[in-house]
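To start, the structure under review is shown below, and the notes come after it.
The values are calculated or read from the model by the stated rules, or taken from the named source; none is laboratory data. Bear in mind the structure is a predicted one, so any value in this text is a computation, not a measurement. Reconstructed Cβ throughout: ideal geometry from the backbone, glycine too, with neighbour counts over all protein chains shown.
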Amino acid sequence: MHRVLISDPLSEDGIRPLLEAEDIETVMNPNLSHEQLLEEIGSAEALIVRSQTQVTREVIEHAPHLKIIGRAGVGVDNIDLDAATENGVIVVNAPDGNTISTAEHTMAMLMSLARNIPQAYHQLQQKRWERKKFVGVELKDKVLGIVGFGRIGREVAQRAKGHRMKVIAFDPFLNEEKAEKAGVTHGSLEEVLKQADFLTVHTPLIEKTKHLINEEAIAMMKTGARILNCARGGIVEENALYEAIQSGKIAGAALDVFEEEPATEHPLLSLSEVIATPHLGASTIEAQENVATDVSFDVLELLRGGTVKNPVNLPSVSSEMMERLSPYFKLSERLGAFLSKVVEGTLERVNVYYSGDLLEVDTMPLTRIAVKGILKRHIGERVNDVNAFKTASDKGITVNEQKSTQTKGFTNLITVEIETDQEKRSLAGTLLNGLGARIVQFDQYSIDVVPEGHLVVIRHTDQPGAIGRVGSLLAEHEINIATMQVGRTNEGGEAVMVLTVDKPVEGNCNDKLAQIADIKKVQCLTI
Ligand SMILES: NC(=O)c1ccc[n+]([C@@H]2O[C@H](COP(=O)([O-])OP(=O)(O)OC[C@H]3O[C@@H](n4cnc5c(N)ncnc54)[C@H](O)[C@@H]3O)[C@@H](O)[C@H]2O)c1
Ligand SMILES: O=C(O)[C@H](O)COP(=O)(O)O
């Protein structure tokens, strides 16, 4: 008998597959204290949660029998994925089940915001018949700016178009062609901010999106624009939003999520221009049934020895395979991470070539890891070894793997190539016997760089003095150069410098580097 613990409120109809299974004992207890959870988890083989239960490392480490954590919803930010992976616990979610409900909730918020419905209702409850105070705005012909054009963002766009709004969207995976197919305008983040009458965010909360809509971003927006957040608290910086509403820059906001929840005492709630709901995006009968059913099936499958549909963390790899491949894992991920940080444009295709010793092994796990390294830049920790290919394919990115007999003199060689709508770039790396990983080729240039730490990639014209000026400027900013590699096509032609430095090159120093004569482009990255 497998014991399944459900520690958040879940649809009973949705978990029927579990309740009816003879080999499953289902324990539903949505009111556990932290201590009770630590005790209950001790005998559970599966844990199912929504966003409320904090599945911390401590919880996972108190669960010696735990095999699977099911998140009945999308966001897995309440689950310590690293701890789960380290402890061999597979995490699954339900990425599609609440998309429609959340998109519909966003539209409800959009309309309520435009027509002051909650505020007017509140006045009526106070027995006040106010009409002048609640003059709204039409949606027709207004611009809806969408940041994050994934599942929910796309559904919101379709609905907004039904209201005859003009939709402009930004997403690192969106390009002109895909936008045209979806019937929206493709814009940069800045263009979306500048044009939006209503701005709605639908990204995950990751390092790159934390406070994406901050004081600076809001300053670019039209005076009188309105902001919606039905994604995750923290994508919109709450203090900046508060100040912008107080100053009249932003006419109103609709929030379903907050940086800290529950958020009953939040200062934003004291502003009459703000309407809010307590994280209700996914709270419909249909969505709750969908997400509960999806995770129930995955839990049942896994506990009965099958494979899951919506994994979020690591797959299991046979120990023999692991032994042959594991030395290359870090190199593959870092080649992908490095290249994704220097490439420009919308990603369209990833090609990974293997040669030398790697001709004889199944390199698919390495390709998966390289793709993960590439996608992490935009998706953060939600992309992993298990879902990297699916995520790439969902984003319209083609992934190709090829074996090549061209070893370029190395006993093993991995070449990652990225094609975007603007350029094609490649990076090759090898494992040197006893010396570890090296990047040995960057586009057409031969180099020798250890793929870790803080790197500065400079494209320049091969002229006397360029290298010296870079060295002097970094020294002025007390940045120590650990290694420097220079490659060029021909004397006086295109050239590249790759420096490893002891601390990140930021702000002022970065700008000054870019202004040095003969320097064309400076890119600083940490891998
Ligand atoms: N309020 C709720 O109850 C509720 C319900 C479901 C989902 N959500 C949240 O809504 C968000 C979107 O969910 P989804 O199912 O559409 O996810 P998704 O993965 O389908 O889409 C997210 C999109 O954001 C894009 N993105 C990532 N970084 C970006 C950036 N810096 N700028 C612009 N776009 C960026 C990604 O490329 C992706 O296309 C998530 O944060 C999810 O947790 C909230
Ligand atoms: O990420 C999600 O799926 C939503 O935020 C819903 O969270 P909930 O399951 O706690 O309603």
Task: Candidate set: segment 370-391, residues that are of a type in the set (A, V, I, L, M, F, W, C) and outside any helix (DSSP H, G or I); chosen: the one nearest to Leu325 (Cα to Cα) - done: Val386
- [ ] State yes or no: is Thr223 surrounded by fewer than 18 Cβ atoms within 10 Å (Cβ to Cβ), of a type in the set (Val, Ile, Thr) and in the same structural domain as Glu261 (by the TED database)?
- [x] yes
- [ ] Answer with yes or no whether Leu331 is surrounded by 17 or more Cβ atoms within 10 Å (Cβ to Cβ), modelled with pLDDT of 90 or more, within 16 Å of ligand 1 (Cβ to nearest atom) and not small (Gly, Ala, Ser).
- [x] no
- [ ] Look at segment 271-316 and say how many of its residues are more than 11 Å from ligand 2 (Cβ to nearest atom) and aliphatic (A, V, I, L, M).
- [x] 12
Task: From the options Pro17, Pro9, Pro95, residue that is within 12 Å of ligand 2 (Cβ to nearest atom) and at pLDDT 95 or above - done: Pro9
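Taking Leu144, is it within 23 Å of the chain's Cα centre (by Cα) and under 24 Å from Val274 (Cβ atoms)? Break it down into steps so the answer makes sense when it comes.
Working: within 23 Å of the chain's Cα centre (by Cα): yes; under 24 Å from Val274 (Cβ atoms): yes.
Answer is yes for this residue.
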Task: Cβ pairs under 7 Å, 6+ apart, first in segment 231-245 and assigned by the TED database to the domain that holds Gly153 and under 25 Å from Val74 (Cα atoms), second among the polar types (S, T, N, Q) and part of a loop (DSSP other than H, G, I, E, B) - done: Ala231/Thr203; Ile235/Thr203; Ile235/Thr209; Glu237/Asn214
- [ ] List every residue pair whose Cβ atoms lie under 6 Å apart, where the two residues are 6 or more positions apart in sequence or sit on different chains, the first residue falls within segment 395-408 and is more than 16 Å from ligand 2 (Cβ to nearest atom), and the second residue, located anywhere, is part of a strand (DSSP E or B) and of a type in the set (Ser, Thr, Tyr).
- [x] Gln402/Tyr353; Lys403/Tyr354; Ser404/Tyr353; Ser404/Ser355; Gln406/Ser355; Thr407/Ser355
TODO: Just give me the residues in segment 144-168 being out of contact with any Ser or Thr (no Cβ under 7 Å at 6 or more places or on another chain), within 9 Å of ligand 1 (Cβ to nearest atom) and not basic (Lys, Arg), in sequence order.
DONE: Phe149, Gly150, Gly153
Open item on the list: Could you go through segment 374-386 and let me know if any residue there is in contact with a strand residue (DSSP E or B) (Cβ under 7 Å, 6 or more places away or on another chain) and either more than 18 Å from Lys424 (Cβ to Cβ) or surrounded by fewer than 19 Cβ atoms within 10 Å (Cβ to Cβ) (or both).
Closed with: yes
- [ ] Looking only at segment 128-138, decide whether some residue is within 16 Å of ligand 2 (Cβ to nearest atom), of a type in the set (A, V, I, L, M) and under 26 Å from Gly183 (Cα atoms).
- [x] no
- [ ] Could you give me the residue pairs with C-beta distances under 7 Å whose first residue belongs to segment 123-147 and is farther than 30 Å from His378 by Cα, whose second residue is among the polar types (S, T, N, Q) wherever it lies, and which are 6+ apart or on separate chains?
- [x] Glu130/Gln123; Phe134/Asn116; Phe134/Gln119; Gly136/Asn116
Task: Residue list for segment 201-256, filter: within 16 Å of ligand 2 (Cβ to nearest atom), in contact with a helix residue (DSSP H, G or I) (Cβ under 6 Å, 6 or more places away or on another chain) and under 28 Å from Val383 (Cβ atoms) - done: His202, Pro204, Ile206, Leu228, Cys230
TODO: Might you let me know whether segment 280-303 holds any residue that is surrounded by fewer than 18 Cβ atoms within 10 Å (Cβ to Cβ), away from ligand 1 (no atom under 16 Å from the Cβ) and part of a loop (DSSP other than H, G, I, E, B)?
DONE: no
Open item on the list: With the structure loaded, tell me whether Leu205 is assigned by the TED database to the domain that holds Val135 and crowded, with 24+ Cβ neighbours inside 10 Å or whether it fails that test.
Closed with: no
TODO: Quick one: in segment 61-75, of everything that is over 19 Å from Gly305 (Cα atoms) and surrounded by fewer than 23 Cβ atoms within 10 Å (Cβ to Cβ), which residue is nearest to ligand 1 (Cβ to nearest atom)?
DONE: Gly75
Open item on the list: at pLDDT 95 or above and touching a strand residue (DSSP E or B) at 6+ places or on another chain (Cβ under 9 Å): is that true of Gly429 in this structure?
Closed with: yes
- [ ] Say whether the condition of being over 20 Å from Ala196 (Cα atoms), touching a Gly at 6+ places or on another chain (Cβ under 8 Å) and within 16 Å of ligand 2 (Cβ to nearest atom) is met by at least one residue in segment 101-116.
- [x] yes
Open item on the list: For the condition touching a residue at least 40 places away in the same chain (Cβ under 8 Å) and either within 16 Å of ligand 2 (Cβ to nearest atom) or within 28 Å of the chain's Cα centre (by Cα) (or both), what is the one hit in Ile60, Ile90?
Closed with: Ile90
- [ ] Take segment 262-279 and flag every residue that is of a type outside the set (Ser, Thr, Tyr), surrounded by fewer than 16 Cβ atoms within 10 Å (Cβ to Cβ) and in contact (Cβ under 8 Å) with a residue 40 or more places away in the chain.
- [x] none
Open item on the list: Would you confirm, using the coordinates I've provided, whether Asp82 is under 19 Å from the mean Cα position of the chain (by Cα), in the same structural domain as Gly42 (by the TED database), of a type in the set (Asp, Glu) and within 13 Å of ligand 2 (Cβ to nearest atom)?
Closed with: no
- [ ] For Lys309, state whether it is basic (Lys, Arg) and at pLDDT 95 or above.
- [x] no
Task: Yes/no for Thr277 being over 23 Å from the mean Cα position of the chain (by Cα), within 13 Å of ligand 1 (Cβ to nearest atom), within 25 Å of Ile79 (Cα to Cα) and modelled with pLDDT of 95 or more - done: yes
Open item on the list: Regarding segment 95-113, can at least one residue be identified that is more than 10 Å from ligand 1 (Cβ to nearest atom) and farther than 22 Å from Ile235 by Cα?
Closed with: no
